[in-house]
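The values are calculated or read from the model by the stated rules, or taken from the named source; none is laboratory data. For clarity, every value in this text was computed on a predicted model and none was experimentally measured. As a convention, Cβ positions derive from the backbone with ideal geometry for all residues, glycine included, and neighbour counts pool all protein chains shown. In case anyone asks, the SASA skips ligands and DNA or RNA and just uses the protein heavy atoms, side chains included. Shrake-Rupley method; radii C 1.70, N 1.55, O 1.52, S 1.80 Å.
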Amino acid sequence: MIRSWEFYVDMIFVTAKAWILSLLGRFLPDWIVVLASITISGVVILCLGPVIMMYLTLLERKVIGRIQNRYGPNRVGKWGLLQPIADGIKMFTKEDIVPANADKIVHLLAPIVIVVPALMIFLVVPFGERMTAVNLNIGLLFFIAVSSVTILPIFMGSWASRNKYSLLGGMRTAAQMISYEIPMTLAVVPAIMMSQSLSTNTIVLAQTGDFDLHWFIFTPWGIVGFIIFFLCATAECNRPPFDLPEAESELVAGFHTEYSGMKFALFYMAEYMNAFTLCGIAATLFLGGWQGPFLPSWLWFFGKTFLLICVMIWFRGTFPRFRVDHLMGFAWKFLLPLTLINILLTALWQFTSNLTAWLWSILILGISLWILVKLNRTFVPEKRHYPLES
Amino acid sequence: MPILEIAAKFGTYAVMAVILIFALGVVTFRNLFHCALCLAAALIGTAVIYVVLQAEYLAAIQILLYVGAVVTLIIFAIMLTEHLAGKTARQNNSQSLLAIVGLLGFVTLLATLILKTPWPVTPTALQAKNSVMGLGKALMGTYVFPFEVISIILIAALIGTVVIAKKDAPEEPL
């Protein structure tokens, strides 16, 4: 069968894997081929995670630098491209400091455990057509379940350090992550309803249409769901403006105050890998995943994901940090009711999806937004005076 | 592929052994925080067993509810009692013997029930229980009444907590 060159560019990674496996199959028993198939996917993901993390740090420093009117790293290699490697060497050679009263085992385990869920989420991210490592039929639920485990290692690290700043940071993280997990999960529900599947692959396939541009974000519920999901994702990976758990000006460094060297780097790595996977899942759910005209599928996926990451970095460069009560109020009093209204809208959309449905949706959304904003009037706490003694 | 099957079997037994070790840790460690972490590990191990038995949905829910919510709640409670978390707590008291007798009775009851129940393992039954759609239809159709009753009980419990929590507020201002 003759196929166009676009097909081969699109399938370049899939073809490469199939070619390696058929080569192995010529002179090795079947069970080794099965193991090799798993190993190839696993090794690719295990390399992809850290490499993405390394270059995300560079990208972040570069973009933040440009936002703040400076160059960012540009000394190591062309355009500072070797900067992440230099950082890595620095991390490896740093002294590993463990506090004298720390719970040694838990202190050691926390940074190791935190990488596991961050890497496991990569398994269900569809990087391109036929490029999901494990095509689970509950892929999205897997993502939600695994990302909810991330709280545990943060707790472990903060508690084992025996440091008040660490503990405060850990408590804040737990409160924040639990709160934002709820609107995030509910924001995903419309996408599940419309694609009638929990599999990330099927959700992407449900967004096909003319020019592959039938993305969920081009519907009223899609826009609302995407914005809520993206805000919650930013909060989930503790990035500014939701970076209260590691607010430098208040808590030194939050839950990883007592970590140095490679242990700190692992926390950092998990955070950036989470940022990448959350953006990838957001792109999958609402931006059509790897769907798109003309370009190969994996290019579309990475393009969309990096676009979202750039928006996250933009957030960091522009927004000041939330106050604790504002943070909680935003999740519980604003995002949560809005997600419920959004689910209702999706149910309406299921029956009629034409111009009148658009108008109705905008009307309902406008009214509910207005009511929510009215109900969430700025709360001005009573002014407190602290008279100085003497 | 017999080699892979044997490997999977051994893997499953290894996971079971690990679960048992962590479960023992839950009831023997002197430090409450370590106990909670062991509990989390044991629950994750159980989820792995579910995955091996091809009940991925159950596994995901197990992790989401037990590890993501219940263990976090337990750890929160331990954190609020910091003096307990740092020191060692005794895991047994004078009622240990009675507890063991009760436990043995419960285990025998459970074992007889498990052994007596005929477990119908047919392809159709497996299909029906695996799919999320089947579960959803059952919850919204056949079992809608108990489902709603449980929701009402949960809401009642929630309101009750709020009421209890509210009573103390004026007496002890922060």
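This model, with +1 at the C-beta of Lys and Arg and -1 at the C-beta of Asp and Glu, gives chain A a dipole about its Cα centre of some 640 debye. Using the 1.4 Å probe convention, the accessible area of segment A:126-216 works out to 32 Å² per residue with neighbouring protein chains retained. With both labels modelled 7 Å from their Cα along Cα-to-Cβ, the B:LYS166 to B:VAL52 distance reads 5.0 nm. Checked against a 21 Å cut-off, the cross-linked pairs A:LYS90/A:LYS304; A:LYS104/A:LYS263; A:LYS333/B:LYS137; A:LYS62/A:LYS90; A:LYS94/A:LYS164 give Cα-Cα distances beyond that limit for A:LYS90/A:LYS304; A:LYS333/B:LYS137; A:LYS94/A:LYS164. Remark: segment B:1-101 projects, on average over all directions, an area of 8.2 nm² (convex hull of Cα atoms). How fast does segment A:162-272 diffuse by Stokes-Einstein, in µm²/s, taking the Kirkwood radius from C-alpha pairs at 4 °C and 1.567 mPa s? Once the numbers are plugged in, D ends up at 81 µm²/s.
Other protein chain C-beta atoms within 10 Å of residue C-beta, averaged over B:66-77: 4. Helices of chain B meeting both criteria, an alpha-carbon length of 15 angstrom or more along the long axis and an average Kyte-Doolittle score not below 0.5, with helices taken as full DSSP H segments, are B:2-28, B:32-52, B:96-116, B:144-168. Identify, among A:TRP159, A:VAL33, A:GLY65, the residue whose Cα sits farthest towards the positive end of the charge dipole of the protein assembly as shown, taking +1 on the Cβ of Lys and Arg and -1 on the Cβ of Asp and Glu, with the dipole about the Cα centre. Final value for the positive-end residue is A:GLY65. The alpha carbon radius of gyration of the protein assembly as shown, expressed as a multiple of 2.2 N^0.38 Å, is 1.05. Rg/Rh for chain B stands at 1.03; both radii use Cα atoms, and Rh follows the Kirkwood definition.
Partner shielding of A:151-159 amounts to 5, given as the average count of beta-carbon atoms from other chains within 10 Å of each residue beta-carbon. Going toward the positive end of the dipole of chain B, with +1 on Lys and Arg Cβ and -1 on Asp and Glu Cβ, which of B:LEU154, B:VAL15, B:VAL26 do you reach last? Of the candidates, B:VAL15 comes out farthest on the positive side. The lysines whose alpha-carbon is closer than 27 Å to the alpha-carbon of B:LYS116, local same-chain residues fewer than 8 away aside, are B:LYS9, B:LYS129. Put simply, chains A and B cover up around 2300 Å² of each other's accessible surface, both sides summed, when a 1.4 Å probe is used.
Of all complete DSSP H helices in chain A, those with a Cα span along the helix axis of 20 Å or greater and a mean Kyte-Doolittle hydropathy of 0.5 or more are A:12-27, A:30-67, A:104-120, A:164-195, A:220-236, A:261-286, A:297-318, A:336-351, A:355-375. Dividing the Cα radius of gyration of segment A:94-375 by its Kirkwood radius returns 1.00 for Rg/Rh.
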